Structure formats: structure tokens, C-alpha cells
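Taking it in order: structure first as C-alpha cells, then the write-up.
The values are calculated or read from the model by the stated rules, or taken from the named source; none is laboratory data. Quick caveat, the model's predicted, so the values are computed rather than measured. Every residue, glycine as well, gets a Cβ built from its backbone with ideal geometry; the counts of neighbours run over all protein chains shown. Side chains are part of the model used for accessible areas, which takes the heavy atoms of the whole protein and leaves out ligands, DNA and RNA. Shrake-Rupley method; radii C 1.70, N 1.55, O 1.52, S 1.80 Å.
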Amino acid sequence: MQILLKSAIVLGFIFSFGHSHVYSQNNSAVLSAKINGHDFTVNGGEDFNQIYGVLAKTPMFFQLSISGSTIDNGIAKSIVISIMSEKSFKTVVQNTEWDSKNESLGDLPVGFYYEIENDIEKEASSESTEDAYLKITSIDKTKHLISGEFRFTASNGVNNYNITHGVFTDVSYKK
């Protein structure tokens, strides 16, 4: 139940922050991964590509979400990796890791994969697989830039999507 609640909050943040008309991504931002072994790359500033970052804090928790969307061979694809934590916002620093395989860390990252082809939508998450990893490799809280690594296995009950070799670089985040 707690993971479902977190997912609802994550998606709410993504859509409310990510689709703001006043928010723009820098052109050096990149998000790349392999989806079931196939390359997925989103470059900031290119047509049909969108990269969003959110690092929000409230008195009760912080949330970090990174998402990338593109159109690849006529298929709209999106990857989202997110973590919500009750820990201090100050814990979001270089080399911070969250791994669902190590529950002693407490908070678990959640990954989402979306695909639309010929008006058929597929949505999968790591909630059922409980397999997700997120690491911050660098963060500049003054310039609001973040880089990191991720991986997750998402499932929609029918298909599994192995998202591996995930990297995001110089993503501007909204706070």
C-alpha cells in the first residue's frame, strides 16, 4: 500500500512540475538507457525530446524524479525514475544510492516505463518487481544540475521491461 501511495504522489509531482510552460531543460542534458537491450537516448534541446528533473522538499519529505521522453521509430517512449524519502533533504548529495535490493536503506526507488504505439498505451512500473536502483553521481544545488545512474525492471503484468545502463547527465531540476 505504501508503494502505491508513493507512486501516486510521484506521478502527481511529475505531471505538475514536468509539464510547466515556464520550465525548460538545458541543451546539454542527456538521459540514456537500454530497454530490453535496445538503446534509448534523450538529448535536451532536440525536437520531440523532453527531459525533466524535480527535486522538491516539503516539511515531511523530499522527492527526486528524473524523466526522459522521445519518439523512436514512431513509438513514444518515456522513462521515469523517482525516490521519495522522509529523510533530510541534506541527504541528497553526490554518491547517495537507493537500491530496492537493500531494504536496510529504507526508502526504495521506483521506475516507470511508458510506451504509446498506434494509440495503444503500455505502462509498467517496478512496484511489482521491487527491482530498482538510483545513484546520484553529481549534484550542484546552486545551479540546479544533477547527474546519476539508474536501472530497474518494470512490469505491467504481461510484459517485463529491463531498463539497464541508465545514465542522466546535467539534468536541470526544478525545486
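Structural remarks
- Identity of the residue in the range 157-175, under 15 Å from residue 51 (Cα atoms) and among the hydrophobic types (A, V, I, L, M, F, W, C), that ends up most open to solvent (accessible area, probe 1.4 Å): 167
- Residue among 47, 39 that is surrounded by fewer than 15 Cβ atoms within 10 Å (Cβ to Cβ) and modelled with pLDDT of 90 or more: 39
- Residue check, residue 101 part of a strand (DSSP E or B) and either in contact with a strand residue (DSSP E or B) (Cβ under 9 Å, 6 or more places away or on another chain) or loosely packed, with under 13 Cβ neighbours inside 10 Å (or both): no
- Identity of the residue in the range 139-156, farther than 28 Å from residue 122 by Cβ and assigned to a loop (DSSP other than H, G, I, E, B), that ends up least open to solvent (accessible area, probe 1.4 Å): 144
- Hey, residue 63 outside any strand (DSSP E or B), of a type in the set (S, T, N, Q) and either touching a residue at least 40 places away in the same chain (Cβ under 8 Å) or surrounded by fewer than 21 Cβ atoms within 10 Å (Cβ to Cβ) (or both) or not: no
- Among the conditions (1) of a type in the set (Gly, Ala, Ser); (2) more than 18 Å from the chain's Cα centre (by Cα); (3) buried (at least 18 other Cβ atoms within 10 Å of the Cβ), residue 74 misses just one, which is (3).
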